[in-house]
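The values are calculated or read from the model by the stated rules, or taken from the named source; none is laboratory data. Bear in mind that the values here come from a model prediction, so they are computed numbers and not experimental data. Don't worry about glycine lacking a Cβ; one is built from the backbone with ideal geometry, like all the others, and counts go over all protein chains shown. Only protein heavy atoms, including side chains, enter the accessible area calculation; ligands, DNA and RNA are left aside. Shrake-Rupley method; radii C 1.70, N 1.55, O 1.52, S 1.80 Å.
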Protein chains: 4
Amino acid sequence: MIGHGFMGAAHSQAWRVAPHFFDLPRRPVMAVLVGRDEHRAEAAAARLGWAEVATDWRTVVERDDVDLVDIVTPGNVHPQVAVAALAAGKHVLCEKPLANSVADAERMAEAARAAAGSGALAMVGFSYRRVPALALARQLIADGLVGQIRQVRAQYLQDWLSDAQAPMTWRLDRDAAGSGALGDIGAHAVDVAQYLTGQQVQGVNALLHTFVGERPLMGESRGLSGAAGTGTGRVTVDDAALFTARLSGGVIASFEATRFATGRKNALRVEVSGSKPGSTVVLEWVVIGRLRVR
Amino acid sequence: MIGHGFMGAAHSQAWRVAPHFFDLPRRPVMAVLVGRDEHRAEAAAARLGWAEVATDWRTVVERDDVDLVDIVTPGNVHPQVAVAALAAGKHVLCEKPLANSVADAERMAEAARAAAGSGALAMVGFSYRRVPALALARQLIADGLVGQIRQVRAQYLQDWLSDAQAPMTWRLDRDAAGSGALGDIGAHAVDVAQYLTGQQVQGVNALLHTFVGERPLMGESRGLSGAAGTGTGRVTVDDAALFTARLSGGVIASFEATRFATGRKNALRVEVSGSKPGSTVVLEWVVIGRLRVR
Amino acid sequence: MIGHGFMGAAHSQAWRVAPHFFDLPRRPVMAVLVGRDEHRAEAAAARLGWAEVATDWRTVVERDDVDLVDIVTPGNVHPQVAVAALAAGKHVLCEKPLANSVADAERMAEAARAAAGSGALAMVGFSYRRVPALALARQLIADGLVGQIRQVRAQYLQDWLSDAQAPMTWRLDRDAAGSGALGDIGAHAVDVAQYLTGQQVQGVNALLHTFVGERPLMGESRGLSGAAGTGTGRVTVDDAALFTARLSGGVIASFEATRFATGRKNALRVEVSGSKPGSTVVLEWVVIGRLRVR
Amino acid sequence: MIGHGFMGAAHSQAWRVAPHFFDLPRRPVMAVLVGRDEHRAEAAAARLGWAEVATDWRTVVERDDVDLVDIVTPGNVHPQVAVAALAAGKHVLCEKPLANSVADAERMAEAARAAAGSGALAMVGFSYRRVPALALARQLIADGLVGQIRQVRAQYLQDWLSDAQAPMTWRLDRDAAGSGALGDIGAHAVDVAQYLTGQQVQGVNALLHTFVGERPLMGESRGLSGAAGTGTGRVTVDDAALFTARLSGGVIASFEATRFATGRKNALRVEVSGSKPGSTVVLEWVVIGRLRVR
């Protein structure tokens, strides 16, 4: 696994428990954790349950005892690691958003196609596809529950940046993350909409907005660009993304991804309706345990 | 009152009950109902409680015993009636959407400004502003409940056209109605958003779509353009309108107006959030009495 | 109409608008309003639209020009007026709860049965039966939507007494009102449950509770019993009623009626489920226009 | 761990991941899994990650290398294992409901008190107390958010038995499980209500009901009592439990626990209101990922 931040913890949990939930042909071995800072990597490996650590991903992705490379770094590191791992014949699981530019994403897709011939699998980490309710909804829609699909509305709402004093992080830095709410959570909304409808987004009208342009540098964020001793860092990505789209089969869709939705910790909601007047599919998920004060 | 369709019935009810809800300086007298077809106008006047009928609105808006002209016709008739009534010194209440073109709307606004000097009042029928919850929400927001407003999401969802066999009506004819869901219910969503925030829409990205292009002609709809003996009429307005907007004070907003939202008879929902992490304002109203089967 | 308080205003509105909503054989004439205090009755008649007033209901219910007597007084007055009106051959519409004791209610039912022979109709004012969603829900259930009905949960929640300084009223006085939340709003919950299921409540376990035992006397409430110059009146009814029940066809049901449900102005919710795993009927209605702050 | 059914899988997951979520003084070692059938216990141990198996819990609870005994058997086995383990000086975690009778529960509590002196800890597995929203809600209420607490309504709704063909299981057998919905999920509702209010249930009115009295015997359920070659087993517990209660501090509460709530897979909802008119606490949790079709 390359990286060991928030998603590194989530993926470690998944690798650990998967063989106890599913009948897998082989039990995953959590072999090597890669991080640039050896001390921090070692602490993470101990906490997350990895056997050893390394600081150079290039040597790791070529090791004979590595079958699969799991990439959980910021987006700017995805392309080089994924392309190298695929070239070395490894399976690759890469966190979303896939890349920070279309060109990089296309380069990665090309590498995946080339490696597929020798049996290497490549997958983007759209973890929500494993939510059982989503799989069921997709089946119901494919079975004709809503008739011909006409409209989708998808909202992914979080609130963690609504406080202007929430600290700077690499997720708010365009060089590292590529985009903000759009790529981080909007990517899930788009993926779910495409997965449920079987149609691809073809054209969009979009509005991106940044509400808080400077945030305090604290802890990990001190190394970020633009900091220059001021104590604050520049937010160079979108805080919220609102867009409408036409899908390949004629569906129209509205999307919202925001980290400023007060009252919603982490809520994804998708609604699909079609030509059958009687049925609508509504999917919601939230951090388990919802508290409302009213 | 000029016109006597769906909104004519609603306005008649309002004129009748207003003095029993509110302390009014004078009790309204429901004097004259105007309709092109005398027989249908007479039947409507009897049902809705108007004292007499007329077929020519031009003479009515100039009668000395008429103080206020209430316009509930299709949108293409609004401008000429409103301008004439204002010129005759009458107060004017005009249904929304105000007009079918910006030029017409500006002409009407100009007439209203000119008439204001002599005491004539002009008002657009945004009836939802009288919903007590909306007035309270506006006050809470003005008092700072959400801090500086950042995001608005407003949806006005109806389902009455999701059945492709629902008949043609003047509301689906561009010449008469100007637009479809956009002007009919999207107008309310925009008005509520502007009213709650105190900010004006400044720029929009919009997507309009028509799902069902031909509908059966039945009853009243037989006189509509494009019918030509085929038994069907052409839908020349939008069935759904999705748009995002920037408001004058920096708020970003997403809007949806659709008549194809299966599962929603008539539901308006507006959510307002801002810089205070703890508070969000959510307004919903629906036809009273909601039945869900799940 | 005998009485002219809160429900008197509601019934006046209904009599006025009914002929404009429905095709009635005759248009109701709002003839006489009865109140003990002539001045207050006159003010009410002017506001609510009644032609004349009287202070003695006994003479009014025997007038030849009166066809129907509408009783909107506190419950303790219901029996004598209803029995006298039925004896005089009048139709009777009586507000709920029907009476303050089972004995009174049975006496009224007996009078109604006796009068039915001569064509007099008697009805209790369960106005929510006219909510279209309720009629539709009943039909869906009768058509087998949920299979054999098994469970009902019904909640009628209001908040108007949660403030301990809300003033005393006749509705909190057992002599006048008979009971509190139980009869006033619990009666609706029971009626809706019985109406939807076609089954009668057969046995109950109940818990009644009064949270605030003394309330300030203000305005109208000054004449209430127990006031004795202290400035406060004793609450002698239930503030909340929780009960479970078995219905005649085997359904089990839970009920809650409370005037202390903070966050709910006036919300009735009924849920019906049965032997068909896939379908549940959920009915909700609230004061139109719901505002949530979260 | 004694037992390896549904809750055995859940507890195994918890023991495995706890040290990766929390900083624990020692990492738990999943030492021995106990089951009566050695082959099934071995399969479970392999799947759930336990080092070895045993068939006799009596010897296991006395082993020197065992520090903690986790009891996930049917309720009828809880008392003997817990009392023996406590007597042997082990910490004990026992699944809820604690016991199948009050006498057994009191005996266990007595054993726990006696063992506490030597440092043994005893805990009942009310896992929902670890839902962060619940802890936050409790704190908000303790801080005075709702004022003096007045009402609680708690519902734990599942639907897995609404299908009359769902098979017999030990959970529907009184000898093994003690009770049905009441102890299995009603126990959580009561625990959450007591935890949030800091008050104990003092008196209840209850209604228990069994909708489906016979269910098909399949797979594991074949060994259950009452089967006698008929192919069906007798359900001897409640399918639904409705009750109202008074708590020790004056709160009144309504509870519902049912496995026949069509439309709810697994939904716990608790609402707490009090003397402050403006605030209500609403807690909901559901299986993550909710799909509604409407």
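Below are the figures for this structure:
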{"read-out": "Selected from A:ARG264, A:ARG129, A:ARG36 as most flexible by GNM, with chain A as the system and alpha-carbon contacts under 10 Å", "value": "A:ARG36"}
{"read-out": "Rough spin-label spacing in nm, given labels placed 7 Å along Cα→Cβ, for A:VAL17 and A:ASP143", "value": "2.8 nm"}
{"read-out": "Rel. contact order, % - alpha carbon contacts under 8 angstrom, at least six apart, chain C", "value": "17 percent"}
{"read-out": "Nm distances between copies for C:GLN202, ranked from closest, using label points 7 Å along Cα→Cβ", "value": "3.4, 6.2, 6.9"}
{"read-out": "Residues in segment A:116-150 that, when all protein chains are in place, have 50 Å² or more less accessible area than the chain alone would give (probe 1.4 Å)", "value": "A:ARG150"}
{"read-out": "A:LYS265 accessible area, assembled protein chains, probe 1.4 Å, Å²", "value": "140 Å²"}
{"read-out": "Summed residue charge, Cβ within 15 Å of A:ALA105's Cβ, Lys/Arg positive, Asp/Glu negative", "value": "-2"}
{"read-out": "Fraction of accessible area attributable to carbon and sulfur, segment A:125-166 (%, probe 1.4 Å)", "value": "52 percent"}
{"read-out": "Over 27 Å between alpha carbons, listed pairs A:LYS276/C:LYS276; C:LYS96/C:LYS265; B:LYS265/D:LYS276; B:LYS265/C:LYS265; B:LYS265/C:LYS276", "value": "B:LYS265/D:LYS276"}
{"read-out": "Accessible area buried between chains B and C, both sides summed, probe 1.4 Å, in Å² to nearest 100", "value": "2800 Å²"}
{"read-out": "Choice from B:ARG16, B:ARG130, B:ARG171 showing the highest fluctuation, given a GNM over chain B with Cα pairs closer than 10 Å", "value": "B:ARG130"}
{"read-out": "FRET E, pair A:ALA135, C:GLN165, Förster distance 45 Å, beta-carbon r, rounded to 0.05", "value": "0.25"}
{"read-out": "Where chain A is the region considered: accessible area per residue in Å², 1.4 Å probe", "value": "44 Å²"}
{"read-out": "Segment C:56-118 and segment D:126-158: distance between their alpha carbon centers, rounded to Å", "value": "48 Å"}
{"read-out": "GNM flexibility winner over chain C from C:MET108, C:MET168, C:MET218 (Cα, springs under 10 Å)", "value": "C:MET218"}
{"read-out": "FRET efficiency, B:MET218 to D:GLN200 (Cβ-Cβ, R0 51 Å, nearest 0.05)", "value": "0.15"}
{"read-out": "Three-way shape call for segment D:80-233 based on the alpha-carbon gyration tensor, with the a/c threshold at 1.5", "value": "oblate"}
{"read-out": "For D:ARG40, inter-copy label distances in nm, listed shortest first [label point 7 Å out on the Cα-Cβ vector]", "value": "5.0, 7.4, 7.5"}
{"read-out": "Carbon plus sulfur fraction of accessible area for segment D:1-56, probe 1.4 Å, in percent", "value": "57 percent"}
